[in-house]
Amino acid sequence: MFPILRLLCVLLLHVTGTLADADPVLKQSLLSDPVSVGQTAQLKCVLQDGNVDTYDVRWYRQSLGETPVFIIQHKVNGEIHRGTGFTDRFQPSRDSPNNSYILTIGNMVSGDTAVDYCEVWGYIYGDTLNMYRFRVDTVLFVENITV
């Protein structure tokens, strides 16, 4: 009987401890300001209840009528992994003082018009991998202005 009671106490402490810890939350603006062809755009994801220096971040893009595609991953250790076709026009960074992830896209082209979003993931509770994917998207619209 004692081992069962002990197990129940351990489980209760684990569950209440887990519930007390807030999961990280990402906030992303719904719309970017329109950007002209050739300009640079910056997309930002702000992390709440977490620290940007402890999570890897991935950015995805979804064009109208298409499935989402992987743009880039920026790991905690600084490694950068790019999706197929995404060149160094796409630069990830972290803004630690503002607890934000930033994706800078240089030399915008009309094909960059899309919905872009980020996800963070990492080891949160011991050896358990917890993924947090968010669909609070930023709609990026590239204007094709002719002079």
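Values in this text are rule-based calculations from the coordinates and carry no lab data. Computed from a predicted model, the values in this text were never measured in an experiment. Quick reminder, even Gly has a Cβ in these numbers, built from the backbone with ideal geometry, and neighbours come from all protein chains shown.
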Inter-probe distance in nm under a simple model that places probes 7 Å from Cα toward Cβ, at Val46 and Ser110 = 3.5
Assuming R0 = 22 Å, what is the FRET efficiency of Asp53 and Thr87, from their Cβ-Cβ distance, to the nearest 0.05?
-> 0.25
Using R₀ = 30 Å, calculate the FRET efficiency as 1/(1 + (r/R₀)^6) where r is the Cβ-Cβ separation of Val76 and Val25; round to 0.05.
-> 0.95
For the pair Ser63 and Ser96, how long in nm is the line joining their label points, each one 7 Å along Cα→Cβ?
-> 3.7
